[in-house]
Every structure is written in C-alpha cells, then in structure tokens.
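Notes follow once the structure below has been shown.
Read the figures in this text as sums done on the coordinates, not as results from a lab. Note that this is a predicted model, so its numbers are computed, not measured. Cβ atoms come from the backbone with ideal geometry, glycine included; neighbour counts cover every protein chain shown.
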Amino acid sequence: MRNILKLGLFLCIVAGIAGLSISYVNGITYPIIQEQIEKEKLASFQEVYPGTGEVKDESNTYLGGNSDSILTEVNVVYQENNPVGVIYMAEPVGYSGVIQLLVGMDIAKKEITAIKVLSQTETPGLGTNAQKSFFTDRYKGKSAESVLEVVTKEPVGDNQILAITSATITSKAVTEGVNAARQHFLDNFIE
C-alpha cells in the first residue's frame, strides 16, 4: 500500500512539473507564433492588394457582429488617410468544408485586384486546384459591379468564371465568397 502511494505521489509530481514546463514554453513561444501569423497575414494582404498603404482591420465597423455572413473580416487599405482598397476574408462552404479566402478590391477602379485561397479541405487533385494561380487569376480585374457566375464552358461574358473541371462545387463556393465581398464592397465603399 505504501509503494502505491509513493508511486502515485511521484506520478503527480512528474505530471505537475511537465504541465508547468509546457505552460512555460507556451508562454515564451506564443508571442513569437502570433507575430509570425501576423507577418504571413500581411504578406497575403500584399498578394491580393499590391501596393503601399496602411491596412486597418475595420471588421467591427463594417460587419457589426453579423454572424450569419460568410464575410469574417474587412480590412481597409489607406494611403494618406484616404481609403483606396478593401481586403475581405470570406469563408464559404465548399464540397468538403469551409474555404477560407482573401478578396482584394480597388475603390477607384471598382474591380477585384486578386483573390487568394488561404485554406481549404477540398478533394485532392480537384477542388484543391482552387488555390492555384490558373484558377485565382480568373478573378483579377473583374468588375465589382457585376455579379460573377460560374460556367462549365468557355466564358462569353466578362462576369463569367470558368469552373475547375470536376470541381464545380468548389468553384461555386469560391465565387460565392467573392460575390459576398463584392456586394459588401458596393454597399459600403462605392457611391
């Protein structure tokens, strides 16, 4: 009985020390990890809205706690205190789950500057192609004033996006996210 108590006490001490050690290491690495995440986020912003300017997260102002929207973030790009662009984060649901993407909009040109798929869980070799430039480049320069639609044959209209072969659901989900950003952009940034 005495050996069982000693063993139990020893295991409790080891577990306590291990827990404190993990907590200590987490406390040291957490700020470093958050800084790296912020750098990656800013680099992604630069990809969808190239150029210089100060980027401010104004999600609270423009989304106002609207939890049913697929838009999760609104970042406004300022140059000399004037808004020149908007970067949206949207999370539409694709074939296998949520697709997280960024959509850049230019206020002066009223067009999509670029999109970038940040994360997805789509079918490998099919829906995962939504991250590749051959697909994301299809959105560049599209007018924000026209609703985008997905087509399976060669596009004839400027508002049409050619779907990824055998990944129409993913293509429609990405386009749904872009259209949500586009509509919010028209409602809030274009007069």
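Between 130, 163, 18, the GNM of the chain built on Cα springs shorter than 10 angstrom shows 18 fluctuating the most.
Compared with the dominant principal axis of the Cα atoms in the chain, helix 2-48 is inclined by about 20°. Ignoring aspartates and glutamates fewer than eight residues from residue 6 along the same chain, none have Cα atoms less than 20 angstrom from its Cα. The simple Förster model, with R0 at 30 Å and r as the Cβ-Cβ distance, assigns residue 118 and residue 191 a FRET efficiency of 0.45.
For the chain, the dipole from Cβ point charges (+1 on Lys and Arg, -1 on Asp and Glu) about the Cα centre works out to 900 debye, to the nearest 20. For the chain, the longest principal axis of the C-alpha atoms and the axis of helix 168-189 are separated by about 80°. Given 155, 139, 165, which one lies farthest toward the positive end of the charge dipole of the chain, if we put +1 on the Cβ of every Lys and Arg and -1 on the Cβ of every Asp and Glu? Farthest towards the positive pole: 165. Radius of gyration over Kirkwood radius for the chain, both on Cα atoms: the Rg/Rh ratio is 1.19.
Compute the whole-percent fraction of alpha carbon pairs in the range 1-48 spaced more than 15 Å apart. Above the 15 Å cut-off, the range 1-48 has 66 percent of its Cα pairs. The alpha-carbon of residue 140 sits under 13 angstrom from the alpha-carbons of these aspartates and glutamates, leaving out residues fewer than 8 places away in its chain: 47, 106, 111, 158. The charge dipole of the range 1-54, taken about its Cα centre with unit charges on the Cβ atoms of Lys, Arg (+1), Asp and Glu (-1) only, comes to about 640 debye. Over the range 110-191, all Cα pairs binned in 5 Å intervals from 0 give whole-percent P(r) values of 3, 15, 28, 25, 17, 8, 3, 1, 0, listed from short to long. Put +1 on the Cβ of each Lys and Arg and -1 on the Cβ of each Asp and Glu in the chain; which of 60, 9, 77 then has its Cα farthest toward the positive end of the dipole? Checking the options against the dipole of the chain, the answer is 9. With a simple spin-label model that places each label point 7 Å from the Cα along the Cα-to-Cβ direction, the separation between residue 145 and residue 159 comes to 1.2 nm.
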